[in-house]
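Colleague: The structure that follows is given in the form of structure tokens.
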């Protein structure tokens, strides 16, 4: 073990440690990367937090657009009481949060940027654990992978702090990964340089973090043989890629997939993605990757937003860690390695619909224009805005999630599907319903002050947390007096409603999914 109580350390270790003790905080030390060490801080509920622990070398300068390199420990001691910088990105996620706060009727300035700012040097994870001293009673590990369209987001957004979950005898880890141009970029020069493969650097960061967890999580009271990965939006999309990646095999044992359709038809190949990369270097008037590595990270980010503002970021098939299309890996009948809990929210797309959006444009973009009459019949009771929401929610979240659950079930692993329908009281719920990301505060028990939260929300929080915790412990969400959650059967698709009622119900929009080409 690598732990010592702070009061057993030499008195001269650090003035800041002494100040922490004077303030009443307890601390413990992680020395698994000797000679470097990190001291975590204990909160009033007995949960230790370790913020900003490196799991790979800073991916800067010549390491930009390379697989993550091992971290080289230094002869230093740190107090792990603050988060590292978020990975380099634009204002995509900050604007998303401000829009939500604005919908709620509050001042959007209540949302604050990450305290550490944005930087390429960002590969630092965070750990919350209640018990660091029981080697014979290892706790399940829950690893959170944040969303943000693979172009932004960070591992410690306000709803992602793990202290509430960690009070319930799990170790919570939140991990970052390179996003946008820094994490999901390919170029012909990179393919030559990296032995015929390239790209997917953000995916490789997640694999490196999971490898680090396998090596060190027992020092935090966690069981490396019981690791659950969970994430939302592009975080869940990346979980789909991890489930399909040979490089991630054995690094986790269950998966919770919240609000994403990882097998979307528009996933690129490495060659397609590298053509876009080549086009970008030409627009920047620089000669290939060597010159692009010399660009300042902020200048590169600004240039991408100027020249390719609509670029969609994601893993490339044929790139590092992903040999073939994920939906082929999970075709019915193929063996799937881990149990899956998966679901979506009732109004995933409502907040993104503008006043000028029209039905024909949506139908055309989803190749449904010829089925206009049938779609209209299926959605006839709804007004235009809610019709558009149902179509987009089905296309991006609902239909691919049901298909993935069916494939996992056919692969002889258990799959459980939920449908989150809780609409908060107040202006936010009235405008955007059960919006994209609405389930996250319930999972973590971290409700923002600007979210209208009442006793019903508190009750749902405890129930949802128990389902997630049960699944992380055993691969089965049932138990502890909860309503029975049946395994998913693609022949008779039923899902668990998580909202004002918790009950099994028939899966929504099966006919719409079939029109979209899903099984």
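Colleague: Tell me the label-point distance for the pair residue 506, residue 60, using the 7 Å Cα-to-Cβ offset, in nm and rounded to one decimal.
Modeller: 5.8 nm
Colleague: How large are Rg and Dmax for region 453-519 when only the alpha carbon atoms are used, in Å?
Modeller: 14.4, 41
Colleague: From Cα pairs below 8 angstrom and at least 6 apart in sequence, can you work out the relative contact order of region 345-519, rounded to a whole percent?
Modeller: Relative CO of region 345-519 lands at 28 percent.
Colleague: Scattering from the C-alpha atoms of region 80-133 alone, worked out with Debye: what is log10 I(q)/I(0) at q = 0.19, 0.31 1/Å?
Modeller: Relative scattering, expressed as log10 I(q)/I(0), comes to -0.78, -1.16.
Colleague: Averaging sequence separations of C-alpha pairs under 8 Å and six or more residues apart, then dividing by the length of the chain, give the relative contact order as a whole percent.
Modeller: Computed over the chain, the figure is 13 percent.
Colleague: Taking the DSSP beta bridges in the chain as the whole, what percent of them are antiparallel, to the nearest 5?
Modeller: Once the DSSP bridges in the chain are tallied, antiparallel ones form about 40 percent.
Colleague: Also, I was wondering about something else. Could you tell me whether region 310-438 comes out rounded, prolate or oblate from its Cα gyration tensor? Rule is a ≥ b ≥ c as square roots of the eigenvalues, rounded for a/c under 1.5, then prolate if a/b exceeds b/c, otherwise oblate. Write out the running numbers ahead of the final one.
Modeller: Numbers: a/c = 1.86, a/b = 1.55, b/c = 1.20.
The shape class here is prolate.
Colleague: Taking the simple approach of a point 7 Å from Cα along Cα-to-Cβ for both residue 298 and residue 311, what is their distance in nm?
Modeller: Going from the residue 298 label point to the residue 311 one covers 2.0 nm.
Colleague: Using only DSSP helix segments of four residues or longer, with each worth -39500 (n - 2.57), what per-residue ellipticity at 222 nm results for the chain after dividing by its residue count and rounding to 500?
Modeller: Taken over the chain, the calculation gives -9000 deg cm²/dmol.
Colleague: Assuming 0.36 nm per residue, please report the length gained on full extension of the stretch residue 370 to residue 121 beyond their Cα-Cα distance.
Modeller: 84.7 nm
Colleague: Shifting gears a bit: With the crude spin-label approximation of a point 7 Å out along Cα→Cβ, what separation in nm comes out for residue 249 versus residue 449?
Modeller: Distance between the two pseudo-spin positions: 5.0 nm.
Colleague: Quick check of the Kirkwood formula: for the chain, what is the inverse mean of 1/r over all pairs of different Cα atoms, in Å?
Modeller: Result for the chain stands at 23.8 Å.
Colleague: Which FRET efficiency value, to the nearest 0.05, is calculated for residue 324 and residue 193 with the Förster distance at 22 angstrom and r the Cβ-Cβ distance?
Modeller: After rounding, the FRET efficiency stands at 0.45.
Colleague: Roughly how many Å is it from the Cα centre of region 409-450 to that of region 63-124, as a whole number?
Modeller: Region 409-450 and region 63-124 have Cα centres separated by 24 Å.
Colleague: Here's another thing I want to ask about it. Measuring from centroid to centroid over Cα atoms, what is the spacing of region 177-215 and region 329-389 in Å?
Modeller: 31 Å
Colleague: I've got another one for you. What per residue convex hull volume, in Å³, do the alpha-carbon atoms of region 179-226 yield?
Modeller: Taking only Cα atoms, region 179-226 has a hull volume of 93 Å³ per residue.
Colleague: Across 5 Å bins from the origin, how do the percents of Cα pairs in region 345-519 run, short distances first?
Modeller: 1, 8, 16, 19, 18, 16, 12, 7, 3, 0
Colleague: Test of understanding: what is the full-extension gain from residue 360 to residue 34, defined as 0.36 nm times their sequence separation minus their Cα-Cα distance?
Modeller: That pair, residue 360 and residue 34, stretches by 111.2 nm at full extension.
Taken together, the values in this text are just the output of simple stated rules run on the coordinates, not laboratory data. All of these numbers come straight from a predicted model, not from anything done at the bench. All Cβ positions, even for glycine, are placed from backbone atoms using ideal geometry, and neighbour counts span all protein chains on display.
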